[in-house]
Structure formats: structure tokens, C-alpha cells
Amino acid sequence: MGERIGALDFVRGGAVLGILAINVTGFWGPLLATFSPAMPRIEPGGALWFIAAYVLFEGKMRGLFTLLFGASMMLFADAAERRGAHPDLMQARRLVWLMLFGYAHYALLWWGDILLPYAVCGMLAFALRRLAPEPLAASALLLFLASHGLEMVGDLSTIATEAGVLAGQGTPAEVAGETAMMGRIAASIAADARVLHAPFLEAAHIRLTTAPFLPLENLGATFFETFPLMLLGMALLRLGLFTGEWERAALRRIALIGIGTGGLMSAALIGWAAAHQFPPAAMFAVMGSLAAIPHLLMTMGYLAALLLLWPRLQHSAAGRHLAAAGRCAFTNYLGTTVVMSALFAGWGLGLGGALARAALPLVVLGGWALMLAWPRWWLTRFGQGPLEALWRRLTWWGVPRSGACAA
């Protein structure tokens, strides 16, 4: 048990650090800045950072985090059963609290919350936990590929239409459609700038009055990534991937093929977009359906690579710090929102949009240093991260304290 928990924490640590490399753009600027370096504007060096982050991190770290969320639900169920509690009831309680954490995260701090969508998808995924791992994994992959494949058909048509308009060959209706899209983009950027630069209470009021259901919209936009990857994570745990039961040669093949093939596909996509000056409709597809397969390949490649590294690094300082960061991932995730908002939001230092986009890698490095610095010290003294402990207490509130379970 300890070995697989350690491996999960180590991978989760890598994932939560990588997520900051993507989320930092959303803290710095409007929502649409995360879709293109041309939104709200092209800056010297900004496109290079966007391209690097896209190839290395975009979708892959979120994918890792989602796989691990599915695996952790299975571990929680096992622990609840050992404690004599009903696993389905306890998981529902756990996820309801996560949903509340997520909505508070959105309302008070940031539009980019993933906790509420994770809680909803987790409830649906957990209902299938008793399926055998092989059909569970097959169903997850089929749903992932079919849903993104159908979306890809529409996106390719949209890209072709936009290319015609930008080349001066579009019909009047197509030109009007492109113009309307650009108007919506400008309105979205202006609305996000208003929130970004507002005082704390005013920003929360704007979010709650103008977009109270945005987390549910995010759920709809990400469901066919989040739900199947949670199922896949559940299946992979049962298939022994996290317990050292897979041969290292198989892990090496997955790492090489996944990172190599997925990386080349990601680089080709963003390279094509850069060569065409990041056309807006195309960028939504490049960040969405067109990236689904390379993201999945690299996610699996990173997972295999980190599992290969864990036995070599588990007794090293680097390995222990990364595993501790993963063990405190919930606190690190919400904590980085507080720290980054304090840097970029109007109620903090107000650097959003003012700091050069090319400087964001330095912010990420500083964030990583913070995320790695505190967890080992804290865990030595308290055993769990502060928000992890709070989540656990809320989940088990009123349940007899017999046995042991980690939330």
C-alpha cells in the first residue's frame, strides 16, 4: 500500500506543478489568453512561451491529474470498506464537499476552477467502479475517442471556413460569422479585464451576477475528457499500473511512444497555427478536439516515465519533495490560486496584463519553488496538508472514528 500511495503522490506532484504552467496564463489575463498568444495581443516572446507550454504541459498535466483522481477514488473506497463505512455513501459525501470547495474557489477567486467538474464527473464515474478493469478501460477509451472524433469533424469544417474568410474567399455569411466571432472575443476579453482589475468583493460580485453557472459550463466543455479519463484511472489502478506490477520494459515503451509521438503531434499542431498567425477559430480547435489524441498519448507517456523514475528517486531529496507536493496537491492547487491572484488581480499587486507574457515562466518557477518548499515540513508535523485535513474531517464528520482512512 505504501509503495503505491508514494507512486501516486509522486506523479500527482508532477501533475500539480505542471498545471500551474498552464493556469498561470489564466491568472495573468483573460480566459481567452489560455487559448491563443494572440489574445488579447501578440507580445515579444509571449508566443514562444505559449508554444512551449502547449507542447509540454497543455492537456497533459490535467490528464495526469484526472487519471489520478479516478485512481484515488478507488483507494478511498477500499479504505472506507476497511473502516466499516459504506464506500458509496462516503464517496458521495466526499465529492459533495469537493463541489462546494470548487464553487467557493470560483466565486471568490478564479474562473478556472476544476474541482466542481471533477466532483460531478467523479460521482458518475464512481458508479461504474464495480466493472471489471478491462471493459472499464475499453469503455473509457471508446468514449474519449468517439466524442472527440465527432467534435473534430465540426472543427475541421470551421477551420476550413475561417481559412477561406481570411484568404478573402469567404461568402458574405461566412464573413459575417467571422466578424461576429471577433466581436464575441473582444467582449469576452473586456468582461474578463473588468473582473481581473476589480477589488476583491467587486470581482466576486461580478462573477456571481454575470456568470453564476460558469463552473457548470466548464463541466459541459470538459466532460468528455474528464469523465473517461477518470474511468481509465480507476481501471489502471485495478490493473496494477501503480503497484509495480507492469514490467519496466512495457513502461519504457509507453513512455517513449507516448511522449515521442504525442510530442511530435502537439508540435505539428501548434507549429501549423503559428505559421498561420494563430487564427482564432482554428486555435479553439487546436486547443480542443485536434489535441485530444496527442494529449492522451503524452499523458500516458508522462505517467509511465514518472512511474519509472519513482523507484530511483523515492529516497532522494527531489523525489521526497515532489511526492510531498503531490500529497498536498489540494492545498497546493488552491494555494497557487491565492498566490497568483495576489500577484495579478486588482486586489493584489495588479500585474495582470501589465507584466510581459514572456515573464510568465519566471512566475511559474517561483510558484514551483513555493509548492515544493513547504509540504515536507508540514507533513512531518501534521501528517496531512491543511486543506486535505479539512476535507477529510468534513467527509467523515459524524462517522465513528475506527480504523484509518485517507481522504
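Each reported figure results from applying straightforward, stated rules to the coordinates on display, with no laboratory input. The structure presented is a predicted model; accordingly, all values stated were derived computationally and were not measured. With ideal geometry, Cβ positions are generated from the backbone for all residues, glycine too; neighbour counts draw on all protein chains shown.
Values computed for the structure shown
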quantity: q = 0.14, 0.17, 0.18, 0.24 Å⁻¹: log10 I(q)/I(0) that the Debye formula gives for the range 263-348, counting C-alpha atoms only; calculated: -0.84, -0.97, -0.97, -0.98
quantity: Placed amide H near Gly350: partners under 5 Å, 5+ positions off or other chain; calculated: Phe344, Ala345
quantity: Degrees separating the helix 60-83 axis from the principal Cα axis of the chain, which is the longest one; calculated: 30 degrees
quantity: Selected from Arg41, Arg94, Arg62 as most flexible by GNM, with the chain as the system and alpha-carbon contacts under 10 Å; calculated: Arg41
quantity: Compactness of the chain as Cα Rg over 2.2 N^0.38 Å, two decimals; calculated: 0.99
quantity: Gyration tensor (alpha-carbon) shape descriptor, the range 91-171, a/c threshold 1.5; calculated: oblate
quantity: The range 137-245 - Rg (one decimal) and Dmax (whole number), Cα, Å; calculated: 20.5, 60
quantity: Hz values of 3J(HN,Hα) by residue in the range 9-24 - Karplus curve (6.51, -1.76, 1.60), Gly and Pro given as x; calculated: 4, 4, 5, 4, x, x, 5, 5, 5, x, 4, 4, 4, 8, 5, 4
quantity: Residues Glu43, Glu162, Glu388, sorted so that the one with the fewest Cβ neighbours within 10 Å comes first; calculated: Glu43, Glu388, Glu162
quantity: Footprinting exposure proxy for Trp377, Trp347, Trp391 (fewest neighbouring C-beta atoms within 10 Å first); calculated: Trp377, Trp347, Trp391
quantity: ³J(HN,Hα) computed for each position of the range 124-130 - Karplus, 6.51 cos²θ - 1.76 cosθ + 1.60, integer Hz, glycine/proline x; calculated: 5, 5, 5, 5, 9, 5, 7
quantity: Euclidean distance of C-alpha centroids, the range 50-78 and the range 197-265, integer Å; calculated: 4 Å
quantity: Proxy reagent accessibility, fewest Cβ within 10 Å first, across Asp9, Asp78; calculated: Asp78, Asp9
quantity: Hz values of 3J(HN,Hα) by residue in the range 161-171 - Karplus curve (6.51, -1.76, 1.60), Gly and Pro given as x; calculated: 5, 4, 4, x, 4, 5, 8, x, 10, x, 6
